[in-house]
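Okay, so here's the structure we're looking at.
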Amino acid sequence: MRRAWLLAAAVAVVVAALDQITKRAVESSITPGEERKLLPGIDLVHTRNRGIAFGFLPGSHVGVTIVIALALLILLVYFARHTTRPLIWLPTGMLVGGAVGNIADRLRHGSVTDFVKLPLGWPPFNLADAAITLGIVLLFLVAERARRPARP
């Protein structure tokens, strides 16, 4: 059980650190509104987001804070009750690290730096958003795997 908490914490620290490093790199090298080609179909931009991941709930600072706090509380309670599940620490660490990375921006700037822009009008996002999105998918996969009966 303790090992799961340590692994989740380690993943969270790595995710939050990488998120902050990449955001600082973008803030120091790309002017707001500028676009740079990274790969075909992927641009680097420098935008500010006052909402949750991918711009959801823009401008609602109190609403965003409440949603994030509730989501983290629910996640940590779930994790505490299921620490023995294989790999549960990975999505938990990704989700916590992503949340911490974006919360750090909110505390420092009042908004979050987004910088990865995909085609077809997808809103710009950052590594914390990607970790949160992948963490949610992995959490569902880990939970679903645990619900299935063991095969002989």
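The values are calculated or read from the model by the stated rules, or taken from the named source; none is laboratory data. Bear in mind that the values here come from a model prediction, so they are computed numbers and not experimental data. Don't worry about glycine lacking a Cβ; one is built from the backbone with ideal geometry, like all the others, and counts go over all protein chains shown. SASA here: full protein model, heavy atoms, side chains in, ligands and nucleic acids out. Shrake-Rupley method; radii C 1.70, N 1.55, O 1.52, S 1.80 Å.
Restricting to the range 86-122, count the residues that are charged (D, E, K, R), more than 14 Å from A17 (Cβ to Cβ) and assigned to a helix (DSSP H, G or I).
2
Given the residues T92, T47, T65, T31, which is the only one that is modelled with pLDDT of 90 or more, of a type in the set (V, I, T) and open to solvent by 70 Å² or more (accessible area, probe 1.4 Å)?
Testing whether each residue is modelled with pLDDT of 90 or more, of a type in the set (V, I, T) and open to solvent by 70 Å² or more (accessible area, probe 1.4 Å) leaves just T31.
Out of the residues in the range 95-122 meeting the condition of being within 21 Å of P40 (Cβ to Cβ) and either crowded, with 19+ Cβ neighbours inside 10 Å or β-branched (V, I, T) (or both), tell me which one is farthest from the chain's Cα centre (by Cα).
K117
Which residue out of F140, F125, F56 is of a type outside the set (S, T, N, Q), at pLDDT below 95, open to solvent by 70 Å² or more (accessible area, probe 1.4 Å) and under 19 Å from D19 (Cβ atoms)?
F56
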